[in-house]
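Everything on this sheet refers to the single structure shown next.
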Amino acid sequence: MNFKNTWLVGLVSAALIAATTRWEGTRYVPYQDVADVWTVCDGYAGKDVIRNKTYTPAECTALLTTQLKSKGEEVLKCTNVPLNQNQFNAFTLFTYNVGGEAFCRSSLLKKLNAGDYAGACNGLLAWDRADGKVVAGLLARRKFERDWCLRPVVTEAAEVTQ
């Protein structure tokens with residue numbers, strides 16, 4: 001992990017939570033996903049999912065926050081260049097969906113670690129398939145992640161009055 005990114009560890013922004021909920025959806029009753037993995041809340045697929053339980057919104061928020069923190073740490077573990085908040089959020093959202101191992105082995109990470117930020121962000125678009133077929137929902141998600149990744153971080157300037 002690059003020391004310049006250590007401030008991002010554990011930082012789960014409201015924007016990241018909102019984006020994850022948007023793309024994952026929220027289901028309080030566990031279900032089996034397309035890979036037959038028991039899943040609940042906002043795409044949480046831990047081995048500790050209790051099949052016959054109805055989760056509360058507070059439990060789902062806690063699971064999501066913990067999982068996003070973990071995925072963010074995986075992103076930083078494999079990243080050797082500084083990231084801004086938008087890049088971190090986009091790559092963490094992506095990793096939440098595909099997993100840390102996939103992110104860490106990806107060609108987009110190679111581009112990122114070589115300093116090709118735009119190439120890495122654009123590389124997200126290649127991850128739009130399931131079973132070899134383009135999935136409209138994945139393509140839309142990847143475009144969102146790419147656009148977020150490429151968006152400069154804007155800070156509000158202090159207003160000066162006379």
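What follows is calculated from the coordinates using simple rules that are stated; it is not laboratory data. This is a predicted model, so every value here is computed, not measured. Using ideal geometry, Cβ is built from the backbone for each residue, glycine included, and neighbour counts are taken over all protein chains shown.
Worth a mention:
- Take each peptide in 28-40, 104-116, count the other Cβ atoms within 10 Å of every residue, and average; sorted highest first, the result is 104-116, 28-40.
- To the nearest ten degrees, helix 57-78 and the longest principal axis of the Cα atoms of the chain are 50 degrees apart.
- All C-alpha to C-alpha distances of the stretch 3-150, sorted into 5 Å bins beginning at zero, yield P(r) values of 2, 10, 19, 22, 20, 14, 8, 3, 1, 0 percent in whole numbers.
- Placing dummy labels 7 Å off each Cα toward the beta-carbon, the span from Lys77 to Asn122 is 3.0 nm.
- Since only Gly46, Cys60, Val81 are under comparison, the one whose Cα sits farthest along the positive direction of the charge dipole of the stretch 37-83, derived from C-beta charges on Lys, Arg, Asp and Glu, is Gly46.
- When peptides 14-23, 91-100, 62-71 are ranked by their average number of other Cβ atoms within 10 Å per residue, the highest-first order is 91-100, 62-71, 14-23.
- Listed peptides 133-144, 79-90 by packing density, highest first (mean Cβ within 10 Å): 79-90, 133-144
- For Arg27, distant residues with modelled amide H under 5 Å away: Cys41, Asp42, Gly43
- Ordering Val34, Tyr96, Ala14 by the projection of their Cα atoms onto the charge dipole of the chain, which places +1 on the Cβ of Lys and Arg and -1 on the Cβ of Asp and Glu, puts Val34 at the extreme positive end.
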